[in-house]
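Below is one structure, written out as structure tokens; comments come after it.
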Amino acid sequence: MFEKILALAIYVVIVVVLWVIVKKRKKDTNFDEMQEKVRAEGYKIAFFSVLAMLTGIIIYDVIAGEALPQYVLSGLLIVVVMLSFTIWGIYCIRHDSFFGIGQDWKTYLCICIVVGAIHCSSFVSEFVRIISTEHDEAFMHLFFAKAASSAAMTVTFLSMAVAIAIKMIASKKESED
Amino acid sequence: MKNLKLKSARAAKDLSQEDLARICEVSRQTISAIEKGDYNPTIKLCISICKALDKSLDELFWED
């Protein structure tokens with residue numbers, strides 16, 4: 001019981017911290033009208049992507065005959081969340097609306113590469129551990145969601161790093177005339 | 001539809017897209033999208049661009 005209350009408290013703290021960061025970022029970051037419009041379209045696309053993926057999971061769960069194991073469901077939900085963020089992020093990057101006016105792309109590129117590499121190494125180590133040892137359901141509960149989370153974060157950050165790099169090269173080549 | 005009037009007015013003032021974007025407080029990509037005809041700016045941005053280039057709304061944004 002105590003662990004559940006603690007987990008809920010940690011979740012509330014994370015939400016509050018994220019809210020404060022977003023509020024501060026909103027003050028410091030300026031997006032012009034075209035960027036706001038593109039970001040809104042990106043949110044729409046990501047929202048419907050989440051709906052489509054969750055519908056797929058629900059349909060599979062209903063017709064499969066037996067319920068998906070809890071750890072598989074946890075992993076899938078993590079993947080859905082990170083994929084929707086990736087879709088939104090890449091759409092905004094492609095349409096010049098991920099970065100506010102005056103923001104430095106290079107810093108974000110470096111951050112995405114470093115964080116992606118860290119999560120990639122974490123995923124590889126979790127994956128090796130999963131396939132190389134005999135495991136019970138408790139083990140899978142613990143490590144499958146962690147492995148799915150690392151994999152999803154790797155895909156998110158590395159794909160955004162690639163999108164940023166491509167955009168930077170395209171912007172340099174783009175001629176005004 | 002491309003906005004060639006905007007592009008030539010900007011060139012006449014010897015301003016780059018970056019310069020005009022800075023004056024109008026938008027991104028360079030927004031100015032580029034307006035000139036290419038990929039984005040229709042709000043009236044507020046149109047007025048801001050006209051003030052920056054010393055032109056009227058008709059001169060820059062009315063269709064011929």
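General remarks:
- Count of the range B:23-49 residues which are surrounded by fewer than 21 Cβ atoms within 10 Å (Cβ to Cβ), within 17 Å of residue A:102 (Cβ to Cβ) and more than 9 Å from chain A (Cβ to nearest Cβ): 1
- Residues of the range B:1-37 that are in contact with a helix residue (DSSP H, G or I) (Cβ under 7 Å, 6 or more places away or on another chain) and acidic (Asp, Glu): B:18, B:35.
- Considering the range A:1-114, the qualifying helices (runs of 4 or more DSSP H), each wholly inside and each with 3 or more residues that are free of Cβ contacts under 8 Å to residues at least 24 places away in the same chain, run over A:2-28, A:33-63.
- Residues in the range B:1-45 that are of a type outside the set (Asp, Glu), in a helix (DSSP H, G or I), under 17 Å from residue A:167 (Cβ atoms) and over 10 Å from the mean Cα position of the chain (by Cα): B:28, B:29, B:36.
- Residue A:14 more than 14 Å from chain B (Cβ to nearest Cβ) and either open to solvent by 100 Å² or more (accessible area, probe 1.4 Å) or farther than 26 Å from residue A:101 by Cβ (or both): yes
- Options B:52, B:9, B:33; residue that is out of contact with any Ser or Thr (no Cβ under 6 Å at 6 or more places or on another chain) and more than 30 Å from residue A:104 (Cβ to Cβ): B:9
- Number of positions in the range A:25-81 that are of a type in the set (D, E, K, R) and either more than 14 Å from chain B (Cβ to nearest Cβ) or surrounded by fewer than 14 Cβ atoms within 10 Å (Cβ to Cβ) (or both): 8
- Condition met for residue B:2 (charged (D, E, K, R), surrounded by fewer than 19 Cβ atoms within 10 Å (Cβ to Cβ), more than 9 Å from every other protein chain (Cβ to nearest Cβ) and more than 22 Å from residue A:172 (Cβ to Cβ)): yes
- Selection status of residue B:13, farther than 28 Å from residue A:170 by Cα and basic (Lys, Arg): no
Residues checked against (1) of a type in the set (S, T, N, Q); (2) modelled with pLDDT of 85 or more; (3) touching a Gly at 6+ places or on another chain (Cβ under 9 Å); (4) open to solvent by less than 70 Å² (accessible area, probe 1.4 Å):
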{"site": "A:89", "(1), (2), (3), (4)": "no, yes, yes, yes"}
{"site": "A:92", "(1), (2), (3), (4)": "no, yes, yes, yes"}
{"site": "A:97", "(1), (2), (3), (4)": "yes, yes, yes, yes"}
{"site": "A:125", "(1), (2), (3), (4)": "yes, yes, no, yes"}
{"site": "A:157", "(1), (2), (3), (4)": "no, yes, yes, yes"}
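- When B:58, B:64 are screened for being open to solvent by 40 Å² or more (accessible area, probe 1.4 Å), more than 8 Å from chain A (Cβ to nearest Cβ) and in a loop (DSSP other than H, G, I, E, B), only B:64 passes.
The values are calculated or read from the model by the stated rules, or taken from the named source; none is laboratory data. These numbers come from a predicted model, not from an experiment. Ideal geometry is used to build each Cβ from the backbone, glycine not excepted, and the neighbour counts take in all protein chains shown. Only protein heavy atoms, including side chains, enter the accessible area calculation; ligands, DNA and RNA are left aside. Shrake-Rupley method; radii C 1.70, N 1.55, O 1.52, S 1.80 Å.
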